[in-house]
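Okay, so here's the structure we're looking at.
The values are calculated or read from the model by the stated rules, or taken from the named source; none is laboratory data. These figures come from a predicted structure and were not determined experimentally. Reconstructed Cβ throughout: ideal geometry from the backbone, glycine too, with neighbour counts over all protein chains shown. Ligands, DNA and RNA are excluded from the accessible area calculation, which covers all protein heavy atoms including side chains. Shrake-Rupley method; radii C 1.70, N 1.55, O 1.52, S 1.80 Å.
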Amino acid sequence: MATTDVALREASGRAEPKHVVNDMSIQVATVNGSGSQSSNSVLLRSIFQMGVPVSGKNLFPSNIAGLPTWYTIRANKDGYIARKKEIDFVIAMNPETAQEDVMSLAAGAAVLYDEPLNLNSLRADLIFYSVPYDKLVAPVCPEAKLRKLVRNMIYVGVVAKLLEIDMGEVEKAIRKQFSKKVKAANLNLAAVQAGYDYAAANLPKRDPYFIQRMDKTKGKIIIDGNSAAALGCMFAGVTVVSWYPITPSSSLPEATIEYMKRFRVGADGKATFAIVQAEDELAAIGMVIGAGWAGARAMTATAGPGISLMAEFSGLAYYTEIPGVIWDIQRVGPSTGLPTRTSQGDMLSTAFLSHGDTKHILLIPCSAEECFSMAQDAFELAEQFQTLVFVMSDLDLGMNNWMADPFKYPEKPIKRGKVLDKEELDRLGGFARYKDVDGDGIPYRTLPGTDHPAAAWFARGSGHNEKGQYSERPDDYERNMERINRKFETARSFVPRPDVVANGSSKIGIIAYGTSHWAIVESRDQLRKEYSIETDYLRLRAYPFTREVHDFVKTHDRVYVVEQNRDAQMMSLLKLDLEPALVTRLRSIAHIHGLPMDARSVTDELMTMEGK
Amino acid sequence: MAATTTSAPPPKTNRIGLAVIDYRGGKTTLCAGCGHNAISERIIDAMYEMGVKPERVAKLSGIGCSSKSPAYFMGRSHSFNAVHGRMPSVATGAVLANRSLMALGVSGDGDTASIGMGQFVHLMRRNLPLIYIIEDNGVYGLTKGQFSATADLGSKLKTGVINDLPPVDTCAMAVTLGATFVGRSFSGDKRQLHAMLKAAIAHHGTVMLDVVSPCVTFNDHEGSTKSYKYMKDHDEPLQEVSFVPAFEDISVEYDPGSTVEVTMHDGSRLRLRKLEEDYDPTDRIRAITRLNEAHEKGEVLTGVFYVNPKAPSFVDLLNIAEQPLATLPESVVRPGREVLEQVMEELR
Ligand SMILES: Cc1ncc(C[n+]2csc(CCOP(=O)(O)OP(=O)(O)O)c2C)c(N)n1
Ligand code: SF4
Ligand SMILES: [Mg+2]
């Protein structure tokens, strides 16, 4: 991969201004397991602390150590944080990929390489800087076995000097990174300084890139989507978590464990939660359903292969009407696919997960803020509608670091849905589990353990009547299924509404969702600036679709549905929902390379489809 | 003269004032004579006699004739008839959500030893507080009589097909894996099953009972090793099982030479009058060896193979709050604003 898709050797040829300030992408090419993560976060943080909008994307192999890894940092004064197709500055640390990394660059890019790699002879149209890492690391790190880890810090210092990143900020970032480990912090700091000094003495500035202080990150935080989701779940009052490790979802329950241990243990030392590493995803969702039946806010997190395993149980929860929350941190399928690459490929199969007539509520976050807030929406909706709610995140969102506004404390009290307790049963005398009392399709339930002789009901995946009794009668079956469908219809007015940006006059609409959003923001600006094309934009945040989605398609001649899968899965869902006359207005822009979506590709493809 | 009125004697009630009828369920739809029905009856009796509040009980099952049976007892208890072979996970979630529930799982030999083997194994490892009953007939009753994985070598289907694969011994597995109360009984042995169920109710941890329960429709013929007749001829009880509940404060003398007495979690006493002199039901290794011997000898060993009332359960290990997690108030499950502010500060 590395950079094979990069818009290289595009004859477009960039104009080469002397100074390019706060607008670049830096790619660090290393070997998996070489400890470059700390260096990269320090670099990212230093730029962030200088007030420059920044994003970091880790492109890693499905392997623990020894395979190539790329980390891309994009700094952008306008706040564009999608992946940028073109790489401006390469830090080539991996001998195996160095040649390809360099060959795929566009003219004018800068390359920082390990001296023995001798890359400077490869091309004449790039700016090369060489650094003798091994020579520099020895004096700062007398302990030979630590050198491998400290070595990568040197490039942070070199880059800081070349891009004029404030060394005070670098130090602050290092102290944060190694928080309590003062010795480690000092050692790393010395390595950074060695790099800085080397660059100052030996590397005259020849590239045009600079980082300068701004104030666009003030008050913001940096967090990965999975940690944000974990926090959201904690504040949503989750009590039972069951999970089975799978990339890219594992860090969600792992972060949940960390936060819950810190903030959800009572004064008596007892946990107000239970987190279980299950034996597989079948058990993970089974536990969620058992806990949901017994009244807990329960969740699991998984990725595509786990979702497939959860199919049968999802139908059980749908039909017995048990709440639960499932995070799908999507990765590339089918099958094992590309386990460490991002995708939006589970939309269609999850919407209808399980046999028979089943459909599920999906929430689709695009940012860390939404991972946090939608965690709460998910539990509220699951209990309100007594059904599973799937939160469709992805690897890019879940595992990468994102800038975010500080999360807002949930203002609304937790609502547990239509649950009858002993007192209400005393008053009512009894209840029918699957009766539509309120006309919204949502029945009342009781929890096991409710101290009333009429509280019990029988949860079964087989056919049942309003009272939950076994029934094979066609009319019972039909009535029940129609009611459950009514619930789904009701949900349309309760799920998060889409984000719509419309000026009322554009003929072209764009529909996207999840992390594709960040490419769309930038692509719309490109379309405006480069082609004078105004577009309207609707960002989906949930399935089933709300009124606004229909209206949006109705008011545009052509609607581009942009997504990260092969089969235009969201477009297919839209087609099922829209009136037939509107279906022909939809056009698909679908990408499946497993890399976060970039704006340029969307712009180019949209322009081609516009016939321009 | 005052007229004499005759009134029916008040129904007999248990220590919490409930009658047997309060422990009954819907009318069974299983075949007449099916072993599973007898087990339902024993569950009703045991729960009644132990004075368990039906509202506290959560019944769980998988799929099969056996798994249908929770509909036919304890109608005042909540019940979850889940998917085939995966009741253990549902039960685990329910118990974690509300530790005050008494979970009773009913499974079949197919439900447990084939499709459900994965979840069965991990349930046993966790020692979750739960009574897990396998209603074991050696076949898949509900799908019309195919062999299950507990069918013995050489046993014959009605169609004449011979089973040539060795059986899974769910009891030996349960002991090996960490269940803390493991036994085998027979649906036709009223006394033994009754006593074992009562002891199961008194236990805190995973109880695994494999109850041979003949399928009269598909596996009760000559050549079957799970038929009534076969059990009558081959049932080899390890002990005479009796049980003295904690609330019946009677002290009956027993001879420690011939009887092992185990004090259960709630103070009840499980009495096992030894029929085999040196058998010690607290010795796991011995239990496993003895079960293997039984296979070699072709006996159907019944009784309490292993009991350990002191091992920590899964709920203890997780150190979860005394109050049911499911209904903890918002003030407990949603940390305050200062917590969010603190975390945000750390991320700046
Ligand atoms: C996923 C799945 N596969 C297959 C079945 C069909 N099925 C229903 S019951 C059963 C076997 C039940 O056998 P057992 O657990 O021994 O119960 P019994 O009827 O003998 O009491 C099977 C295979 C199913 N319900 N679900
Ligand atoms: S088929 Fe067999 S197991 Fe099923 S109800 Fe009849 S006798 Fe019982
Ligand atoms: Mg069976």
Please give the peptides A:174-186, A:267-279 ranked by average Cβ packing (other Cβ atoms within 10 Å per residue), highest first, as a rough proxy for protection.
A:267-279, A:174-186
Globularity index of the protein assembly as shown, i.e. its alpha-carbon radius of gyration over 2.2 N^0.38 Å
1.10
Which whole-number value in Å² is the accessible area per residue of the stretch A:453-579, probe 1.4 Å?
42
Dipole of the stretch A:422-491 (Lys/Arg Cβ +1, Asp/Glu Cβ -1, origin at the Cα centre): which of A:ALA455, A:ALA432, A:ILE442 lies farthest to the positive side?
A:ALA455
With heavy atoms of protein chains only and a 1.4 Å probe, what residues of the stretch B:78-97 have at least 50 Å² less accessible area in the full set of chains than alone?
B:HIS78, B:SER79, B:PHE80, B:ASN81, B:VAL83, B:ARG86, B:SER89
Charge tally for neighbours of A:VAL156 with beta carbon under 12 Å away, counting Lys, Arg as +1 and Asp, Glu as -1, is +1
Most mobile of B:ASP189, B:ASP22, B:ASP255 per a Gaussian network model of chain B (Cα springs, under 10 Å)?
B:ASP255
Search the structure for amide H atoms under 5 Å from the amide H of B:LEU128, placed 1.01 Å from N in the peptide plane, and list their residues when 5 or more places away or on another chain.
B:THR206, B:PHE314
Accessible surface of the stretch B:65-210 [probe 1.4 Å, protein heavy atoms]: carbon and sulfur percent
57
Value of relative contact order over chain B, rounded to a whole percent, pairs C-alpha under 8 Å and six or more apart
16
Which value, in Å², gives the accessible area per residue of the stretch A:182-329 when a 1.4 Å probe is used on the protein heavy atoms?
28
How many Cβ atoms of partner chains, on average, are near each residue of A:442-451 if near means within 10 Å of its Cβ?
5
Amide H partners (placed H, <5 Å) of B:THR302, local residues excluded:
B:GLU236, B:LEU238
Which lysines have a Cα less than 28 Å from the Cα of B:LYS274, not counting those fewer than 8 places away in the same chain?
B:LYS190, B:LYS198, B:LYS226, B:LYS229, B:LYS232, B:LYS297, B:LYS310
Restrict the search to the stretch A:367-445; then list the trypsin sites (Lys or Arg not before Pro) that DSSP places in a loop and that have at most 13 other Cβ atoms within 10 Å of their Cβ.
A:LYS408, A:LYS415
Relative to the longest principal axis of the C-alpha atoms of chain A, give the angle of the C-alpha long axis of helix A:368-385, reported between 0 and 90° and rounded to the nearest 10°.
10
Please compute P(r) over all alpha-carbon pairs of the stretch A:50-105, binned at 10 Å starting from zero, and give each bin as a whole-number percent.
21, 46, 27, 6
Of every hundred units of 1.4 Å-probe accessible area on the stretch A:11-210, the number belonging to carbon and sulfur atoms, as a percent, is 55
Would you work out what percent of the accessible area of the stretch A:454-579, with all protein chains in place, is carbon or sulfur (probe 1.4 Å)?
47
Which value, to two decimals, describes the C-alpha radius of gyration of the stretch B:50-208 once divided by 2.2 N^0.38 Å?
1.01
Tally Lys and Arg at +1 and Asp and Glu at -1 over the other residues with C-beta under 12 Å from the C-beta of B:ARG348: what net charge comes out?
+1
When chain B is treated as a GNM, springs tying every alpha-carbon pair under 10 Å, which of B:GLU236, B:GLU330, B:GLU322 comes out with the largest mean-square fluctuation?
B:GLU330
Rh (Kirkwood; distinct C-alpha pairs) - the stretch A:422-491, Å
12.8
With heavy atoms of protein chains only and a 1.4 Å probe, what residues of the stretch A:267-314 have at least 40 Å² less accessible area in the full set of chains than alone?
A:LYS270, A:ALA271, A:THR272, A:ALA274, A:VAL276, A:GLU279, A:MET287, A:TRP293, A:ALA294, A:GLU312, A:PHE313
Residues with beta-carbon under 11 Å from that of A:GLN526, excluding A:GLN526: net charge, scoring Lys, Arg +1 and Asp, Glu -1?
-1
Please report, in debye to the nearest 20, how large the charge dipole of the protein assembly as shown is about its Cα centre when each Lys and Arg carries +1 at its beta carbon and each Asp and Glu carries -1 there.
1440
Along the Cα→Cβ direction, 7 angstrom out, place labels at A:GLU530 and B:ALA32. What is the inter-label distance in nm?
8.3
Hey, got the Cα dimensions of chain B along the principal axes, in Å, largest first?
82, 74, 46
Per the stretch A:15-128, sqrt(5λ) over the Cα gyration tensor eigenvalues, sorted largest first, in Å, gives 22, 20, 11
Solvent exposure of the stretch B:253-293 as accessible area per residue, Å², 1.4 Å probe:
56
Report B:ASP266's accessible area, 1.4 Å probe, all protein chains in place, as a number in Å² to the nearest 10.
70
Simple spin-label estimate for A:SER62 and B:LYS232 in nanometres, 7 Å along Cα-Cβ:
5.9
Long pairs among A:LYS487/A:LYS554; A:LYS467/B:LYS59; A:LYS418/A:LYS467; A:LYS507/A:LYS529; A:LYS180/A:LYS261, criterion Cα-Cα beyond 23 Å:
A:LYS487/A:LYS554
Reachable lysines, given that their alpha-carbon falls under 17 Å from the alpha-carbon of A:LYS422 and they are not under 8 places away in the same chain
B:LYS53
List the accessible area buried at the contact between B and A, summed over both sides and calculated with a 1.4 Å probe, in Å² to the nearest 100.
5200
Per residue of A:231-244, how many C-beta atoms from partner chains lie within 10 Å of its own C-beta, taken as a mean?
4
Given 20 °C and 1.002 mPa s, compute D for the stretch B:182-249 with the Stokes-Einstein relation, Rh being the Kirkwood radius over Cα pairs; round to the nearest whole µm²/s.
161
